[in-house]
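Some notes on the structure that comes next.
The values are calculated or read from the model by the stated rules, or taken from the named source; none is laboratory data. No experiment lies behind these values; they were computed from the predicted model shown. Neighbour counts are summed over all protein chains in view; Cβ atoms, including those assigned to glycine, are modelled from backbone coordinates with ideal geometry.
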Amino acid sequence: MMNMDTLVRIHTQRTVKRNSMKEDSRQLEFMEIDLSEEPITAAVPVPDRSTIVRADFDIRLPGGILSSEKRFVEEARQLIEVEGEQAPFVPFMSYWPTYGVMNEPQRQWYMYWRTEVRQGRFPDTDLSYLFVHIYELINGIGWQEPQEGFNQLKQLWMNYRERLPQLDVYMQEWIIDYDLVHELNMSLSEIVELSSGFLPPEILDKELQRLLSSNISDISLKLLQRYYDYDITLSKFYRDGGMKVLEQYIPRVMVLVDSYLLRTRMAGILDQFELNHERTIERALFRKAVYDESIYGKSVRMTYVPIGEHADFIQFVTRVFRCTENKCRELLGFRGRLRGKTLEPELANVIERYLDKAFAVEQMPVVEQPIVRIDAEKLASLQQESEYVRRALMIEENHTTEDEGANNASSQASMAIQSSTDEAERAEESNQPEVGFEGALKTDGVQENGNTEPLSLQWEADFSADLDEEWIQFSEMLSPQHVQAIYALLGVNPDTELMRVAEQYGTMPALLLDEINDVAMETIGDLLIDGDLIVSDYMNVFEHVKR
């Protein structure tokens, strides 16, 4: 009998032999593949790479090895003046689109399409063609002044963004880079609107800081969406029509709040939260674009205030928005209210009072100012009669006789004067248009004494020297009809006088008063008129108005 060691050795040998046979089998299978014959596809020639170069462009580049970005710029400079003739559209899709990856028909279409775009026409095309032209512009090719290039970029974006939605992702970044590189210092609010507010945080912070410090009335709902502590687009009120209402009133409420804080605390929103701690970053330029960094650099230094990281500011803006939306819901009969921390009662009351007034004005019917039209033929006749009367009155008295002819002349003169007076009165009293001359009689700024200088609110000399800046701004922003309305409210018979002013300007008393309140909101930060009376808190100011 075999011992255990012998059995193990025999088993091991058999195993090695089997594995060897398997390897031989595998090797045999591999060797069975016959590579001696050329495959059928070998008859198809590999395209010559030289065919992608357009011979008729005759592009000659300087010696040396150029990066793909530098090569593109050199080619773009040689092709800057090329104008293409009409050519058929050829599809073009490339991850890294340049002239070099276009074939002949594609280049013909591109040059024709670019010529059309430069002349203000924007035919349908592929996104890759669009990118090539954008690369030209951001590398400084195709414009003389930076503003011109910015305008071309914006026109391309605005005319193709609906047809090619992918364009938004790139253009909202590149056009900002362009603005920063060339220090155009342009308002980014339009870019915020085009991009639906989806911009880098530092860009949104920079634009919000600019608006809070200089032109707060231009703040939009889209810009402010980042500064709420919840997503307002998920609100049922927002989705069911509230978006338009909030877009209309949020900017006005922000102006109101800023004015209120200035008046009561001597510091607007920007200063209230000390939003002045700046941060500087290096922003990479024209990412994912064919861009030669040697032209404007790899990055640009950008300074901004990180407003979005200020927790107190976020909470404050959220409460302002919540107060505004809840009041709008109430006024529009929308069920449900937003919950959470609310504003201080005094500020919330100011916002709600303003919205009550604003919505009341929206519900009022629009009254068109009547237009007085004069019949040209009647006007000519009246002019002739007036001329006759003028000549008759110029006759010296010593030439006047008591004969019948003189009496007739006098009678005709009297009749002419009466006729002129009657016609003028009928024209003034009639609200119906006459057939003929389409002129309208303007009454803005005309006083009863015939003075055509614009009216303005006049203050007593001693008082005007100490008048706050906000009241000076209020006075300067008032229109003549508003000034007359204020004088009417300060008069003995305010209702009668206010009605007379409204009729003179073809409007309604309530509309005049609401317009005055709008001016007051923008300047002094509060409603000036409540009902049909000046708010008692401000009567001590209007006691010093000259009458």
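Worth a mention:
- Helices (runs of 4 or more DSSP H) contained entirely in the range 181-258, each with at least 3 residues that are assigned by TED's automatic domain parsing to the domain that holds Glu325 and within 23 Å of Asn276 (Cβ to Cβ): 201-214
- For first residues located in the range 161-180 and of a type in the set (S, T, N, Q), partners that are not in a helix (DSSP H, G or I) and lie 6+ apart or on another chain with Cβ distances below 9 Å form the pairs Gln172/Ser195; Gln172/Phe198; Gln172/Leu199.
- For the range 226-246, the set of residues classified as within 22 Å of the chain's Cα centre (by Cα) and surrounded by 13 or more Cβ atoms within 10 Å (Cβ to Cβ) consists of Arg226, Tyr227, Tyr228, Ile232, Tyr238, Gly242, Met243, Val245, Leu246, listed by residue number.
- Residue within the range 524-547 that is modelled with pLDDT under 80, in contact with a Leu (Cβ under 7 Å, 6 or more places away or on another chain), among the basic types (Lys, Arg) and not in a helix (DSSP H, G or I) present: yes
- Those residues of the range 347-357 which are touching a residue at least 40 places away in the same chain (Cβ under 8 Å) and either among the charged types (D, E, K, R) or surrounded by fewer than 17 Cβ atoms within 10 Å (Cβ to Cβ) (or both), in sequence order: Arg353, Lys357
- Residue match in the range 313-323 (condition: surrounded by 19 or more Cβ atoms within 10 Å (Cβ to Cβ), in contact with a Gly (Cβ under 7 Å, 6 or more places away or on another chain) and either within 20 Å of Ile232 (Cβ to Cβ) or without any contact (Cβ under 8 Å) to a residue 60 or more places away in the chain (or both)): yes
- Test result for Tyr178, closer than 22 Å to Gly297 by Cα, out of contact with any strand residue (DSSP E or B) (no Cβ under 7 Å at 6 or more places or on another chain) and surrounded by 21 or more Cβ atoms within 10 Å (Cβ to Cβ): yes
- When residues of the range 262-281 are limited to those that are among the aliphatic types (A, V, I, L, M) and without any contact (Cβ under 8 Å) to a residue 12 or more places away in the chain, the one surrounded by the fewest Cβ atoms within 10 Å (Cβ to Cβ): Met266
- Among the residues making up the range 520-540, those that are without any contact (Cβ under 8 Å) to a residue 60 or more places away in the chain and buried (at least 19 other Cβ atoms within 10 Å of the Cβ) are Ala520, Leu528, Ile529, Ile534.
- Set Gln166, Gln172, Gln152, Gln144: member being closer than 21 Å to Ser128 by Cβ, among the polar types (S, T, N, Q) and surrounded by fewer than 16 Cβ atoms within 10 Å (Cβ to Cβ): Gln166
- Among the residues of the range 291-312, those identified as surrounded by 18 or more Cβ atoms within 10 Å (Cβ to Cβ) and either assigned to a helix (DSSP H, G or I) or without any contact (Cβ under 8 Å) to a residue 24 or more places away in the chain (or both) are Tyr296, Ile307.
- When Asp526, Asp514 are checked against the criterion of being closer than 24 Å to Asn349 by Cβ and out of contact with any strand residue (DSSP E or B) (no Cβ under 9 Å at 6 or more places or on another chain), Asp526 stands alone in meeting it.
- Among (1) within 16 Å of Tyr304 (Cβ to Cβ); (2) surrounded by fewer than 18 Cβ atoms within 10 Å (Cβ to Cβ); (3) touching a residue at least 40 places away in the same chain (Cβ under 8 Å), the one test that Leu204 misses: (2)
- Selection within the range 136-165: residues that are part of a loop (DSSP other than H, G, I, E, B) and among the small types (Gly, Ala, Ser). The member of this set that is nearest to Glu83 (Cα to Cα) is Gly142.
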